[in-house]
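A short worksheet on the structure shown next.
The values are calculated or read from the model by the stated rules, or taken from the named source; none is laboratory data. Treat the numbers as computed from the prediction; the structure is a model and nothing was measured. Using ideal geometry, Cβ is built from the backbone for each residue, glycine included, and neighbour counts are taken over all protein chains shown.
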Amino acid sequence: MTKDRKKELKACAQATFDSEAHFIAEQIFRSQHFVRTKLQDVAMVSLRDVERCLKIFVWLVNHYVTSDCNSDCMKQCLVISLGICYYFRLNKSERENYTKEMSKTENFLDILKKEMKKFSDAFYSLNIEIIAKTEALEEILFMLFIFVLVGDPGTSKTLAFQLLKDRLSEPNTKKLQKRLQEQGINLEIKPLHVVSFQCTQESKPFGIKERWKQAIRHSEDETIKPVLLLDEIGLAERSKHSPLKVLHHLLENPGISLVALSNRPLDAAKMNRVIVHQIPNNLKSDIENIAEAILKESTIRTKFSVNEIKLLVRVFDKLDKSMSKDQMSLCKENWLGRRDFYALIRYYVHHPLPKQELEGIMRNLGGCRDVNFQKHLTEILKSEIGKEASELMKRWGSLKCIEMNLKDEDCRHCLVICNKPYSWQLLLDQNLLPYEDT
């Protein structure tokens, strides 16, 4: 399969390919074996991965390498191909083991990160607004071609796609092309035309197929690059109409670019037909970077500083680890997420510091009424703020937090979960909601 690719390469690369063909085949075999062994569902790994890896490798050699195609250039293209098809679909510990497995390719991870940085730097250089550089965001920008993107809520899936869409809009393509060339990336780029489909638990095959046809029609215009975006594709997988089965034959020869965003992995039949990127969960470093970006973006004079950011990062990180360790019954998966932390930081930029007032912490983190959760939260706040934390927490019961949330015009939407259908009556009885407006 590897040797058959020689005729697809440009003439100046074929001699080098002959000398490296055995090494290339060996590295792909090792990658295929490693991923098949490590992934829970072996059906997620198939010969499609080998075909995909070789296809990307050939494309990179033909488009990315200059006339002087030596052994190092070819290995660089191989590393990028292996990274896209194998490395990025693994979790953090599996990635470390995979890197050791690929030790025959010198500086595997360094080469991959260097190329990833080139792309992200080109995108970030056009920023007007301040966007925090996180590892997850850099990886997503590098990977946004044809793939299913799997990551927890708040891991910059939508942000990365919006950033890509903006940078590849008609007014920005020439600027981006120039930035890429400055990074040594000689690629011709076209403006994106995004066709979106919002997946739900009621999605039907017809809806996805119609959107696909719409994107195909746009591909007739050679001046643009159509992309089909399937947002929240994990919801469609739960639909009784099985709408994602239509993707099985559509993805064999797509003809367009596809991006699918999901909070959870899909079944093997879909996953082995696309490139999969599993976003690393580097919670602590990500939220710290984003908090500093929010602070830098703020034009308001505030006493809130990097020290307060580190305090809130410690509180959030300890609480997250406590929840994961105890698996508290009332706190479901992803109950506490990055968006809670973003809202927490934005609150304290405009209000008294955490050691003076716990309103922000209680409104954004204290919503779970599970006894163990509240116990952990109290212990964490005592260790970080002091003994007075218990007294400060008592001022912010559930009803008080709801009241302040309703009065705050800039706050997040408030979700009140009730055990009984008439529990919301309590909000009326406490004059938190007026009868005439409810």
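General remarks:
- Residue satisfying condition, being touching a residue at least 24 places away in the same chain (Cβ under 8 Å), buried (at least 20 other Cβ atoms within 10 Å of the Cβ), among the aliphatic types (A, V, I, L, M) and more than 30 Å from residue 239 (Cβ to Cβ), within set 168, 187: 168
- Cβ-Cβ contacts under 8 Å between residues 6 or more apart (or on different chains), taken from a first residue in segment 254-271 that is closer than 24 Å to residue 192 by Cα to a second residue that is modelled with pLDDT under 85 and basic (Lys, Arg), are listed as 261/157.
- Qualifying residue in segment 118-136 (condition: surrounded by fewer than 21 Cβ atoms within 10 Å (Cβ to Cβ), at pLDDT 75 or above, under 18 Å from the mean Cα position of the chain (by Cα) and closer than 26 Å to residue 336 by Cβ): yes
- Extreme residue, farthest from residue 318 (Cα to Cα), among residues of segment 354-368 that are charged (D, E, K, R) and at pLDDT below 85: 357
- Residue, modelled with the highest pLDDT, within segment 6-15, restricted to residues that are over 13 Å from residue 54 (Cα atoms) and surrounded by fewer than 20 Cβ atoms within 10 Å (Cβ to Cβ): 15
- Tabulated pairs, segment 295-308, first within 9 Å of residue 349 (Cα to Cα), second modelled with pLDDT of 75 or more and of a type in the set (S, T, N, Q), C-beta under 9 angstrom, 6+ apart or interchain: 295/305
- Close pairs from segment 1-21: first acidic (Asp, Glu), partner at pLDDT 80 or above and surrounded by 16 or more Cβ atoms within 10 Å (Cβ to Cβ), Cβ under 6 Å, at least 6 apart: 8/58; 20/74
- Residue count for segment 157-190, restricted to those that are touching a strand residue (DSSP E or B) at 6+ places or on another chain (Cβ under 9 Å) and under 15 Å from residue 63 (Cβ atoms): 2
- Residues that are within 27 Å of residue 286 (Cα to Cα) and among the small types (Gly, Ala, Ser) number at least 1 in the following strands (runs of 3 or more DSSP E) confined to segment 153-267: 257-262.
- Matching residues in segment 393-438 - criterion: being outside any helix (DSSP H, G or I), under 34 Å from the mean Cα position of the chain (by Cα), surrounded by fewer than 11 Cβ atoms within 10 Å (Cβ to Cβ) and not aliphatic (A, V, I, L, M): 409, 410, 413, 419
- Some residue of segment 354-361 being small (Gly, Ala, Ser) and more than 28 Å from residue 284 (Cα to Cα): no
- Filter pass, residue 275 being closer than 19 Å to residue 139 by Cβ, buried (at least 16 other Cβ atoms within 10 Å of the Cβ) and not hydroxyl-bearing (Ser, Thr, Tyr): yes
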